[in-house]
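Inspection log for the structure reproduced underneath, given as structure tokens.
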Amino acid sequence: MKIPFAIVFAVLLSGCSVFAPGNLGPGAADRDQLWRQGHAALHADSFRVAMAAFQRLAAEHPRDAQGREARFYLGTLYLDPDNPAYDAAQAEQNFSLYLAADTAGGRVTRRPEAETLVALARQMVLPCEQRTGALRCDPDVIVRTRPAGADTVVVRQGSDQSAEVSRLRRELNERDATIRQLREELQRIRNTLAPRP
């Protein structure tokens, strides 16, 4: 009696896993295939393929767990500096959509990570001088070499650089004039020292 009951119980359990609410419905196989394809491409550092798979998954299955998680992965892909399609604004949008899917609470599994990454993406969208903390950019440094040594000029982004540009142009014109004079003097000396026919 115990053996037939165990067999019936095993069949019922396997049926529950096959007919679970997440596995039912049209497109479940396609959804799972897109999920595996996106992760395989992510593992292979193929940003374009991974992004295409996760975008399609998020668009076609927005209410499924994989569709919601695809938004998180899209955000991380857009925020990856090695990605040629890096776009902090797209990352922010995907993380915001991911967090917005958590209306009932507990529906998204990576809420703390997404909140941190959306804050990072928002900072990266801002101009350099408006960012906070360690994300604030250092000024551009221009190094000019002179015969007496190196002269460092610090130019802040967004500042008025017209005075600096005009000063540098003036110095360049003076240097060009000095070079021209020295070349003429060198040619005069060559002509003086050259044997006469």
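Projected label points at residue 89 and residue 48, each 7 Å from Cα along the beta carbon direction, are separated by 2.3 nanometres.
Counting protein heavy atoms only, the stretch 66-122 has 53 percent of its accessible area on carbon and sulfur, 1.4 angstrom probe. Taking 0.36 nm per residue of separation and subtracting the current Cα-Cα distance, fully stretching the chain between residue 171 and residue 39 would add 41.8 nm.
The values are calculated or read from the model by the stated rules, or taken from the named source; none is laboratory data. Quick caveat: nothing in here was measured; it's all calculated off a predicted structure. Here the Cβ is made from the backbone with ideal geometry for all residues, glycine too, and neighbour counts use every protein chain on show. Keep in mind that these areas ignore ligands, DNA and RNA; they rest on the heavy atoms of the full protein, side chains included. Shrake-Rupley method; radii C 1.70, N 1.55, O 1.52, S 1.80 Å.
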